[in-house]
Each structure stands twice: as structure tokens, then as C-alpha cells.
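Everything on this sheet refers to the single structure shown next.
The values are calculated or read from the model by the stated rules, or taken from the named source; none is laboratory data. All values derive from a computational prediction rather than experimental measurement. Please note: Cβ atoms are built from the backbone with ideal geometry, for glycine as well, and neighbour counts cover all protein chains shown. For accessibility, only protein heavy atoms count, side chains too; no ligands or nucleic acids. Shrake-Rupley method; radii C 1.70, N 1.55, O 1.52, S 1.80 Å.
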Amino acid sequence: MSFEPATADTPLVEIRGLRFLRGSRPIFDGIDMDIEAGKVTAIMGPSGTGKTTLLKLIGGQLRPDAGTIRVDGQDVHRISRKALYELRRRMGMMFQSGALLTDLTVFENVAFPLREHTDLPESMIRALVLMKLQAVGLRGANGLMPSELSGGMARRVAMARAIALDPMMIMYDEPFTGQDPISMGVLVQLIRKLNKAMGLTSIVVSHDVAETASISDYIYVISQGKVVEHGSPQNLGRSDSPWVRQFMDGLADGPVPFHFPAPTLAEDLLGPA
Amino acid sequence: MNGLQWLGASALGFFRRLGRGHLFFLDTLVALPANWLRPRLIVQQTYAIGVLSMIIIVVSGLFVGMVLALQGYNTLVDFGAEESLGVVVALSLVRELGPVVAALLFAGRAGSALTAEIGLMKATEQLSGMEMMAVNPISRVIAPRFWGSFLSMPLLAAVFSAVGVLGGYFVGVGLLGVDEGAFWSQMRDKVDFHDDVMNGVIKSIVFGVVAGWIALFEGYDAVPTSEGVSRATTRTVVHTSLAVLGLDFILTALMFGE
């Protein structure tokens, strides 16, 4: 498997004119994005803006209605199934739920990609799995079943599994949602540390503004199918777009209205039952 | 107009699903041979699907055989033909009841479990997760389970028929006093290996394919919510039962119709 690292001037992931419809409702309507190799790039936006969908598009699980996504120079939706699977071996993904295989132990979950894709001897698999689990601080939990883990631990196991094959990039889907402050802090640290230690490219999809901004090199803010702002966390913090302000400062009302679109209250209350 | 729209939409939905089902079946068929490189997966599933269904198959087979003997005896004795009881019991089981009832029980015991398992794997993103690890869930999850039902079904049907014959023997010979020699020798004379036994085996192979296909597809295509999985499980049992009974008629007409 030849692997030329993306250089500084060609981004690892290049999204152009991305359009994706769910039914007739556009989720993305002309998105352009560059994700630089070696960086932590955050994609932020309110819930329901299709951030997870974007990761599934990058991973080739969904097909866009228009536009292209190139990962490491290859158009994800044009290459053969075999090439796509080859590419996916070099992408890790951490699902919000962890998506661990519930009938396997923590150890076997992390060993799963190694067993599926390599013929390594058992001793080597054991060493690799324990190293990956050590990296996320869960070596001691290797005998537990996924049902015995807390949400934060499950995500860390999923992280260990995502890096089992030493990928070039890793995608995190809402890594911080619903975590207590301690596990949140652990996850924040881990994403940054793993990115550096393993020379990864990380994409973090999140709506936790402070945590995400503290570890990312570059941020895209999306809303209603478009990129509304992008830049370094510092630049975004200074942005005076009312939309970005509302999102970054967590204001209830603003360009994104508090109310879901509806007829006026009077009309609704007095209308036919 | 709304009624017409509804009709059109449901027809389109039906054919879309039918198409997805066939593509799914094709994908599964393509993935089947490679599974033999990892026989452990097939053995595991055959155990979960087949061996664990044994109890219900054995108990049901026993009682069905016993009832057959009781009912058959009451009719035959009027004609003084009670010595043909063995033939009646064996032919009914081997040709019809073995494959059909075993398949119906299989749908309830193993099919529903398969659908719920796959549906929940989908709902908890385990299938998506596999895909992102470059592991094809069709070959890793679906194909071994398909092998499991394909291999189990004929064996379960055979066990059902064998135990049923024994049940008929206990009631007929033990309880009602049919001559033991006549019971067995007439059965041996009148039950043809090719026409009766093999046709039953062919039926159960077809039922195994259909039951596995429906159960796995319903799980794979389930709406990934608790309600969706519960509906899919119900559909598995209903569709498999209807398909088995319908196919049984067609197969019987082809095999035994002159």
C-alpha cells in the first residue's frame, strides 16, 4: 500500500460544491471545505445541521447529490468499492455512541480491525491492542464488556479502536456530548494528544463551543446548509457576524430564531382543532 | 386524489423494498463463498441458529407425531387398515409437516432473533461502524447467519420428522396396540426415498433460504428505532410464515401434482 502524505498545499480532505438532500430538504447546499493534514479541524453548528451526515459523506457511506469530496487525492464517490475500503482502512471514525460491538469484550473490540485486516500473530495483536488501550488510559478495562462501560469510557475504547490500524485521519462525531466535566476534559486532551503523537489529521464535529475551540487549529461553522464562517479559533472569537456571535456566545434568540417556523400563535390557537 | 396518491406511494414503496431485498440477496450470495475461509463464524451461527432451536423442534415434533397417530388411527381403524398407521404418520411428516412446521417454528424462534439482532446492530451504529472500519457487514455479519439458517433448516426438518415418527410409534404401537412389525415394515415399503424423503429435503432447503433471507433483510432494512425493530421482527414472522405456506403449495404442486 503506497501512501504519500498530503503536502502542505494540498489539503487531505477537499470538499467542493457539496450538495446533499434528504427528501427534498437540502441538508448541504454548496459547501466548500479544506481540511489540512496534521491539523485538528472542527466543524461546528447547531444540532440538526447535518454534521454527522457530513462525516458519513466523507467516509463514503452516503452519496452527495452534487459536488465532490476528495480524501488524500481520491474522489470518495467515484472510486471502486475496493478502493473505497482501502481508503477507509486509513480513516478512523469515532461514533457518538461509540458503536462498539456489544458481543465482544473491550480487548476484542480494539483487536477487531486488526483481526479483520491483518494476519498478525496473536502475541502481536495483544501487544498492539494493549498499547492502543494504554494510550486512552483503559488498558485495565480490557476484559470488560461494552455494557459495563460508561459513555465516556465507551468513546475512549472507540478511539483506541479507531487508531488500531494507525490511520492517517480520524473523525470524531460529537465526542463531548453528554459527558461529565472530567471525562470531557479527558476526551479533549486525548484528541489533541493523539493528533500530535500519531501524526494524525483530526476532524471534530461538535457543538460544544469552548471545548472544541480550545483544541482546534481551524474551525468551520455551518448553518442551514452553508458554511457561515471559517477561520482560526482566535479569528472566529473576534468575528462580528451576528450568527457566529449567537452560536459562540450561546444566545437563545438571534439570527437563529428561538421558535421553530410556525403560523402566528393567535392563528394556531384560534384555528380549527 | 389523496386515495390515488396513497395507492401510488404505497405501490412505489413496495417495489422499492422488493428491489432492495433482491439486491441485498444478491450481495449476500456474492459474499457467501468467502465465508468458508473463516469457518468459525459459520459454526458459531449454526450453533446459535440451529442447535439452540433443537428443543422447540424436538418437543413439537414429538407431539405432532403423537397427534397424527391418534387421529390417523381413529380413521384407519374404521377400514381395518390400522396397520398402515406407520405409513400415514411417516408420509405426512416427511413430505409436509416436517419441512413446513419446522420452518414455521424456525421463523418464530430463530428468524425473529436474527431480525432483532441485526436491527439493533443497525440502530446502535455497529453496522455503520464496521463499514467505517472497512469491514463489509454483509460478509462479516449477514453471510455467516445466512449459512447458519441454510445449513440448519434441512437438519431441523429432518430431526422434526424423525422425532415425529417416534412419537407416532409410541402412541400407535405403545398405546393403541398397532402391530409393531406392520408399523415399521409398511413404512419401509411405502415411503420412497427419492419421491418422499428427498422432496421433503428440497422443500426444507428452499424454506431455509427464504427464512434466512427474510429475517436478515428485515433486520438490515429496519428503521433504526425501537419501534422500527419491533415492527421488523413482527414482519419477519408474518412474511416468513406466509412465504413458507405459499411456497409449500407451489413446491407440492410441482413435485406431487401429476
Q: Among the numbered conditions (1) without any contact (Cβ under 8 Å) to a residue 24 or more places away in the chain; (2) out of contact with any strand residue (DSSP E or B) (no Cβ under 8 Å at 6 or more places or on another chain), tell me where A:SER223 comes up short.
A: (1)
(Q) Conditions first: (1) within 30 Å of A:GLY143 (Cβ to Cβ); (2) open to solvent by 20 Å² or more (accessible area, probe 1.4 Å); (3) away from chain B (no Cβ under 14 Å). A:ARG19 passes all but one, so which condition is the exception? (A) (1)
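Hey, which of the helices (runs of 4 or more DSSP H) in segment B:1-92, taking only ones fully inside, have at least 1 residues that are open to solvent by 60 Å² or more (accessible area, probe 1.4 Å) and of a type in the set (Asp, Glu)? Give the steps one after another, and end with the answer.
Numbers: elements: B:2-31, B:39-49, B:54-78, B:85-91.
In segment B:1-92, B:2-31, B:54-78 are the helices (runs of 4 or more DSSP H) which contain 1 or more residues that are open to solvent by 60 Å² or more (accessible area, probe 1.4 Å) and of a type in the set (Asp, Glu).
Residues in segment A:129-155 that are open to solvent by less than 40 Å² (accessible area, probe 1.4 Å) and part of a helix (DSSP H, G or I): how many? Talk me through it step by step, then tell me what you get.
Applying the first criterion (open to solvent by less than 40 Å² (accessible area, probe 1.4 Å)) to segment A:129-155 yields A:129-130, A:132-133, A:136, A:138, A:141, A:146, A:149, A:152, A:154-155.
Going one step further and asking which of them are part of a helix (DSSP H, G or I), we end up with A:129-130, A:132-133, A:141, A:146, A:152, A:154-155.
The total comes to 9.
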Q | Residues located in segment A:64-120, provided they are within 14 Å of A:ALA164 (Cα to Cα), out of contact with any strand residue (DSSP E or B) (no Cβ under 6 Å at 6 or more places or on another chain), within 8 Å of chain B (Cβ to nearest Cβ) and not in a helix (DSSP H, G or I) | A | A:LEU100
Q.
Step by step: first the residues of segment A:54-63, then only those that are assigned to a loop (DSSP other than H, G, I, E, B) and within 13 Å of another protein chain (Cβ to nearest Cβ), then the one that is least open to solvent (accessible area, probe 1.4 Å). Which residue is that?
A. A:GLY59
Q: Filter segment B:161-186 for residues that are of a type in the set (Ser, Thr, Tyr) and under 22 Å from B:VAL100 (Cα atoms) and give the result.
A: B:SER161, B:TYR169
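Name the residues in segment A:154-168 that are under 10 Å from A:VAL110 (Cβ atoms) and either away from every other protein chain (no Cβ under 12 Å) or touching a strand residue (DSSP E or B) at 6+ places or on another chain (Cβ under 9 Å) (or both), would you? Spell out the reasoning first.
In the first step, residues of segment A:154-168 are kept if they are under 10 Å from A:VAL110 (Cβ atoms); the result is A:157-164.
Once the filter is applied, which keeps residues that are under 10 Å from A:VAL110 (Cβ atoms) and either away from every other protein chain (no Cβ under 12 Å) or touching a strand residue (DSSP E or B) at 6+ places or on another chain (Cβ under 9 Å) (or both), segment A:154-168 yields A:ALA158, A:MET159, A:ALA160, A:ARG161, A:ALA162, A:ILE163, A:ALA164.
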Q: For B:THR124, work out the one condition from (1) at pLDDT 95 or above; (2) closer than 21 Å to A:LYS56 by Cβ; (3) not small (Gly, Ala, Ser) it doesn't fulfil.
A: (1)
Q.
Quick test for you: out of B:GLU218, B:GLU227, pick the one residue that is open to solvent by 20 Å² or more (accessible area, probe 1.4 Å), closer than 23 Å to B:ARG109 by Cα and either of a type in the set (Asp, Glu) or not in a helix (DSSP H, G or I) (or both).
A. B:GLU227
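So that you can scan it fast, the table gives a plain yes or no per residue for (1) of a type in the set (Lys, Arg); (2) open to solvent by 50 Å² or more (accessible area, probe 1.4 Å); (3) under 16 Å from B:GLY21 (Cβ atoms):
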position: B:ALA182; (1), (2), (3): no, no, no
position: B:ASP189; (1), (2), (3): no, yes, no
position: B:ASP195; (1), (2), (3): no, yes, no
position: B:ALA222; (1), (2), (3): no, no, yes
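Take B:GLY200 and decide whether it is among the small types (Gly, Ala, Ser) and not in a helix (DSSP H, G or I).
Details: among the small types (Gly, Ala, Ser): yes; not in a helix (DSSP H, G or I): no.
Considered against the rule, which asks whether it is among the small types (Gly, Ala, Ser) and not in a helix (DSSP H, G or I), B:GLY200 comes out as no.
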Q: Take A:GLY45 and decide whether it is at the interface with chain B (Cβ under 9 Å from one of its Cβ atoms), open to solvent by less than 40 Å² (accessible area, probe 1.4 Å) and either at positive phi or touching a His at 6+ places or on another chain (Cβ under 8 Å) (or both).
A: no
Q.
If I filter segment B:160-176 for residues that are among the hydrophobic types (A, V, I, L, M, F, W, C), over 22 Å from B:SER84 (Cα atoms) and in contact (Cβ under 8 Å) with a residue 12 or more places away in the chain, do I get at least one hit?
A. no
(Q) Condition first: of a type outside the set (Asp, Glu) and away from chain A (no Cβ under 13 Å). Can you find one or more residues in segment B:123-143 that meet it? (A) yes
